[in-house]
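*Asks:* Before I ask anything, here is the structure I am working with.
The values are calculated or read from the model by the stated rules, or taken from the named source; none is laboratory data. Because the structure is a prediction, the values reported are computed rather than measured. We place every Cβ from the backbone using ideal geometry, glycine too, and count neighbours over all the protein chains shown. These accessible areas exclude ligands, DNA and RNA; they are computed on the full protein's heavy atoms, side chains included. Shrake-Rupley method; radii C 1.70, N 1.55, O 1.52, S 1.80 Å.
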Amino acid sequence: MATVVEGNTARQSHRGRGSGRGPMQRVKNSYNQYWYAWAMCVPVVLVLLAVVAYPLIQGIYLTFTDATSVNVGRTIGVNEIPDSYSWVGLKNYTEILTGANNQFWPHFVWTVIWTVACVALTYALGLGLAVAINRQIKARGFYRMLLILPWAVPTFVTIFAWRLILADDGVVNQFLIGLGLGLDGPSWLSDPFAQKVAAIGVNIWCGFPFIMISMLGGLQSIPRELYEAAEMDGATPWQRFVNVTLPGLRPVSSTVILLGVIWTFNQFNVIFLLFGGNSDSVQILVTYAYRLFFGQQPQDYARSATVGILCLSLLVVFTSVYRRWLKRNDQGAL
């Protein structure tokens, strides 16, 4: 009996010593055991520090200053002008969030509308096309190749093509005039409301192939036996879609929706290349930050960085809430 007690005491003491090891000791042990993995990760870590960590830290620092192109140090010929900007604390955040310049919140509201509309419509279109081409139809491979083309073509080529299509004398307005809907079609590239409709439409065109391919992969992973069993139980096509297809696509859908929100929220190319930087009503937060930095004089580095950090914070909060919501739903389904 004493031997057993001594053995248990020794094991507890050993576990206590193991659990008491500090993080540095655990890192050292991991390096000794997996040194080759650490060595292969070093180049990636260095690149991330150079292109992500340093600009992010520098941007956070600028948000607490009043840095502009006037007071930032620069070299003119042989003369070096030192930095003259000052530390202002939370002033930039306070002025932006309280709407002192009446710019942030209108852009924020439109960014949310833009993101929700684009993601919802792109997901619905991509899912519908995936279900359609997942069936046994003739020339299915040709249709798949045709529908993937908008994603395969470089984005700037696609957007410049849409600029020609949406011009006042472009194909879209000529088609609308031909239908007798008016003497002149909408000014897609200048009218504020028409700009927003055009921006959402072009973004959907650029984004639906990714959703379609992702959904198609998810559809092909759903066992056919589930559909056969549902059909034998008398389920209608809609009931099979709701009770078999959608639950089977839940892991894929949650991922593509999250990626879609992040990409659309930061979708600089469509807005900037389609309308430029001067159309204020259609600018989202990222293009607004770009205009603060590059599109005005003096260039406002501090406010641009502040808008960028706020965008990052919003996406981090959304991602955290979204993942917790998915986890809670998955636990409830079990």
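*Asks:* Roughly how many percent of the accessible protein surface of the chain is carbon and sulfur, given a 1.4 Å probe and a whole-percent answer? Walk me through the numbers before you get to the answer.
*Replies:* On the way: 13810 of 20910 Å².
Within the chain, the accessible surface is 66 percent carbon and sulfur.
*Asks:* With each label point set 7 Å from Cα along the Cα-Cβ vector, what nm distance links Glu231 and Gln174?
*Replies:* Taking the two extended label points, one gets 4.6 nm.
*Asks:* Would you mind working out the accessible area per residue for the chain, using a 1.4 Å probe, and quoting it in Å²?
*Replies:* 63
*Asks:* Can you tell me the FRET efficiency between Val153 and Leu314 if r is taken as the Cβ-Cβ distance and R0 is 35 Å, rounded to the nearest 0.05?
*Replies:* 0.70
*Asks:* Next question, about the same structure. Would you kindly work out the equivalent ellipsoid of the stretch 220-334 from its C-alpha gyration tensor and give its semi-axes, the square roots of five times the eigenvalues, largest first in whole Å?
*Replies:* In descending order the semi-axes read 44, 17, 9 Å.
*Asks:* Also, I was wondering about something else. Could you work out the Rg to Rh ratio of the chain, with Rh taken as the Kirkwood radius (inverse of the mean 1/r over all Cα pairs)? Don't skip to the answer; put the middle values down first.
*Replies:* Numbers: Rg = 27.5 Å, Rh = 25.1 Å.
The Rg/Rh ratio comes out at 1.10.
*Asks:* Summing +1 for each Lys or Arg and -1 for each Asp or Glu, what net charge is found among the other residues whose Cβ lies under 15 Å from the Cβ of Ile271?
*Replies:* Cβ neighbours under 15 Å give a net charge of +2.
*Asks:* Give me the percent of Cα-Cα pairs in the stretch 241-308 that sit more than 15 Å apart, rounded to a whole number.
*Replies:* 62
*Asks:* Right, here's the next one. In the stretch 85-140, what trypsin sites (Lys or Arg not before Pro) fall in a loop by DSSP, with at most 13 other Cβ atoms inside 10 Å?
*Replies:* Those that pass, being in a loop and sparsely packed, are Arg135, Lys138.
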